[in-house]
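Notes follow once the structure below has been shown.
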Amino acid sequence: MATQKSGRSGSGERSPGRRAVLGAAVLGAGTAVVGLPGVARADARHGNRDLPVPTVVAHRGASGYRPEHTLGAYQLALDMGAHVIEQDVVPTKDGHLVCRHENDITATTDVAAHPEFASRRTTKSVDGTSFTGWFTEDFTLAELKTLRAKERIPGTRQRNTLYDGRWDVPTLEEVLRWADKQGRERGKRVWLHIETKHPTYFRKLGLGLEEPLAKLLRKYGRHKKSSPNFLQSFEPSSIQRLNKLVDPPLVVLLSTANSRPWDFVEAGDPRTVADLIKPEGLKWMASFAQGIGPTLDLIIPRKPDGSLGTPTTLVEDAHKAGLILHPYTMRNENTFLPANFRKGTDPAAYGDAFGAFKAYFETGIDGIFSDNCDTALLAREDFVNG
């Protein structure tokens, strides 16, 4: 994409007020998180007064306890007290946005048990990686609604399989209606963190994500600067497109340092994530976004033995650029934790998640994604009151 390749910042100049609102207190508030726990709030950064710092984002809902991206997972996360709840969106064949982490639904639905869809199993290259299975873009919404959701990693989360088949695949519109209803009943807005998945791939199929997403946000009044949702993507050009369409806070997601966003690959842009987290890369992203969502290893790299090393300067550098940081993803199980916070030898058993949360919060991050939002909230309470 030309805008991606040139790295121009013109698209960000349409709404400097939004950047000022989010960015004005980033450095001061971010410092307060470390120096004066519990004082810092997200008011100036988000243009709202109902998000505390550090913010707990329920990763795909309460996915440590329910099959991910189901209304059951979202509801449990909200009931647990998560500050923000995440949705990943992919399209159906007929252009509806549905909530799945990937367009490959083999592991997250019972599609393999439906003989009527056996012929739909195929192999595709998505962002340079080959997958064999069933894909949302090959199903109409009506067909997709005949499927039921299931636990993605049953070997690690066997207890979650109790809920296999209980919920279907929700549309984003259903989630927006649910959030509005819950907000009215609770007297408090429900915050969402909505991610466009594989936007370049889908755009090539004629199933662009940004325009239908913006249309839905406008329909439900969530398109404004003060709306209770973040919009995020691993492809900066998707965020640039959204920046031209709607005004909520925008977040660029960042994978491993040596990786390249797929839109960069398609456009021939040689920059890697390592380039984007340098001051000049952060300044470029701040021209059209208000935050970044780096993998936790970009905040504190792991040593060769898997234990946590020395924190990088990314938090300080991002705050200087006027960007907030919502890194991903904390989980309770040993298999996901840094080696120095694991307990015992069972990879599916819980380790010292509280110790790991403390280490990450102490870097001054503004929020964190977690599959176990109840644990994250307790860890946050320990941190702000410690």
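The values are calculated or read from the model by the stated rules, or taken from the named source; none is laboratory data. From a predicted model like this one, the values you see are computed outputs, not experimental measurements. Every residue, glycine among them, receives a Cβ derived from its backbone with ideal geometry; neighbour counts consider all protein chains shown. What goes into the accessible areas is simple: the full protein's heavy atoms, side chains included, and nothing from ligands, DNA or RNA. Shrake-Rupley method; radii C 1.70, N 1.55, O 1.52, S 1.80 Å.
In the set T335, T312, which member is hydroxyl-bearing (S, T, Y) and not in a helix (DSSP H, G or I)?
Values: T335 fails: not in a helix (DSSP H, G or I).
Only one candidate qualifies: T312.
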In the stretch 225-246, residues that are among the hydrophobic types (A, V, I, L, M, F, W, C) and part of a loop (DSSP other than H, G, I, E, B) total 2
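Per-residue answers, yes or no, for (1) part of a helix (DSSP H, G or I); (2) touching a residue at least 40 places away in the same chain (Cβ under 8 Å):
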{"position": "F117", "(1), (2)": "yes, no"}
{"position": "F131", "(1), (2)": "no, no"}
{"position": "T146", "(1), (2)": "no, no"}
{"position": "E151", "(1), (2)": "no, yes"}
{"position": "P154", "(1), (2)": "no, no"}
{"position": "L162", "(1), (2)": "yes, no"}
{"position": "R166", "(1), (2)": "no, yes"}
Sole miss for T363 among (1) of a type in the set (V, I, T); (2) open to solvent by 20 Å² or more (accessible area, probe 1.4 Å); (3) within 21 Å of L314 (Cβ to Cβ); (4) not in a loop (DSSP other than H, G, I, E, B) is condition (4)
For the stretch 220-233, the count of residues that are in contact (Cβ under 8 Å) with a residue 24 or more places away in the chain and more than 17 Å from the chain's Cα centre (by Cα) equals 6
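Answer yes or no: is there a residue in the stretch 262-269 that is surrounded by 22 or more Cβ atoms within 10 Å (Cβ to Cβ), closer than 20 Å to T129 by Cβ, touching a residue at least 40 places away in the same chain (Cβ under 8 Å) and of a type in the set (D, E). Step through it out loud before you land on a result.
Filtering the stretch 262-269 down to residues surrounded by 22 or more Cβ atoms within 10 Å (Cβ to Cβ) leaves 263-264.
Adding the requirement that they be closer than 20 Å to T129 by Cβ leaves 263-264.
Subsequent filtering for residues that are touching a residue at least 40 places away in the same chain (Cβ under 8 Å) retains 263-264.
From what is left, the residues that are of a type in the set (D, E) are 263.
Yes, there is a match, as at least one residue in the stretch 262-269 is surrounded by 22 or more Cβ atoms within 10 Å (Cβ to Cβ), closer than 20 Å to T129 by Cβ, touching a residue at least 40 places away in the same chain (Cβ under 8 Å) and of a type in the set (D, E).
Can we say A376 is crowded, with 22+ Cβ neighbours inside 10 Å, at negative phi and not in a loop (DSSP other than H, G, I, E, B)? Please lay out each step first, then the result.
On the way: crowded, with 22+ Cβ neighbours inside 10 Å: yes; at negative phi: yes; not in a loop (DSSP other than H, G, I, E, B): yes.
Yes: the conditions hold for A376.
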By residue number, the members of the stretch 112-150 that are under 20 Å from P199 (Cβ atoms) and surrounded by fewer than 11 Cβ atoms within 10 Å (Cβ to Cβ) are S125, G128, T129, S130
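Looking for something of a type outside the set (D, E), out of contact with any Pro (no Cβ under 9 Å at 6 or more places or on another chain) and under 23 Å from L337 (Cα atoms) - is there at least one such residue anywhere in the stretch 249-256?
Step one: filter the stretch 249-256 for residues of a type outside the set (D, E), giving 249-256.
With out of contact with any Pro (no Cβ under 9 Å at 6 or more places or on another chain) added as a condition, the list becomes 249-251, 256.
Right, trim to under 23 Å from L337 (Cα atoms) and you get 256.
Looking for residues that are of a type outside the set (D, E), out of contact with any Pro (no Cβ under 9 Å at 6 or more places or on another chain) and under 23 Å from L337 (Cα atoms), one finds at least one in the stretch 249-256, hence yes.
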Filter the stretch 331-360 for residues that are buried (at least 17 other Cβ atoms within 10 Å of the Cβ) and among the hydroxyl-bearing types (S, T, Y); the one that is nearest to I292 (Cα to Cα) is Y360
Scanning the stretch 247-296 for residues that are touching a strand residue (DSSP E or B) at 6+ places or on another chain (Cβ under 6 Å), part of a helix (DSSP H, G or I) and closer than 30 Å to Y220 by Cβ gives M285
